Structures are given as C-alpha cells and as structure tokens.
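Bear in mind these aren't lab numbers, they're just calculated from the coordinates by the rules spelled out. This structure is a prediction, so every number in the text was calculated from the model and none was measured. FYI the Cβ positions are ideal-geometry reconstructions off the backbone, even for glycines, and counts take in every protein chain you see.
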C-alpha cells in the first residue's frame, strides 16, 4: 500500500508541503464533501466540544437521588402517619 517492500524504513515528513489546498467546486454535494477525512474529523471534534459544553452546563444544576427501602420500621412509621398524636 505504501509502494515499498515490507520492513523497509519509512521516512516521515517533518513539515507540511508548501502550497495552497485545491479549490473545492461549489457544485459538489455536501455528502461527497463529508467523505473527506479532514472534514469528518472536524465534525467529530465539533460534536465532542458541544457534548462537553452540555455536560459542563448540566453540572450547574443540583443532583438528587431517590431511593426506596422497606424494613421492620415501616409498620411503625405507617402507624405514626395515621395517628401522629399517640406514640
């Protein structure tokens, strides 16, 4: 895939190539542009940033938990609620 023999040393470029990016034709549908890896990566970075904002915004609100329990004290609590004057 890289045009070299397996095990061959691959030299990675240290700088980006100089020059301008190719111009995008205005008549290209957006679905084709979404196939470009750089545009897709930017979209996912934007989605991540928006999700992070939503998480941070939700941390401003208080949290609470509701739990239920049933035990031997439930009967005495029920009696107290029916007649709070008599112990």
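Hey, rough spin-label estimate for residue 65 and residue 32, points 7 angstrom out along Cα→Cβ, what's it come to in nanometres?
So the label points at residue 65 and residue 32 sit 5.5 nm apart.
Want the number for residue 11 to residue 58: 0.36 nm per residue separation, take away the alpha-carbon distance, what's left? Walk me through the intermediate numbers first.
Working: separation 47, 0.36 × 47 = 16.92 nm, distance 4.70 nm.
This chain segment gains 12.2 nm when fully extended.
So if we plug the beta-carbon distance of residue 23 and residue 44 into 1/(1 + (r/R0)^6) with R0 = 41 Å, what FRET efficiency do we get, rounded to 0.05? Could you put the intermediate results ahead of the total?
Numbers: r = 25 Å, r/R0 = 0.60.
Efficiency, from the Cβ-Cβ distance: 0.95.
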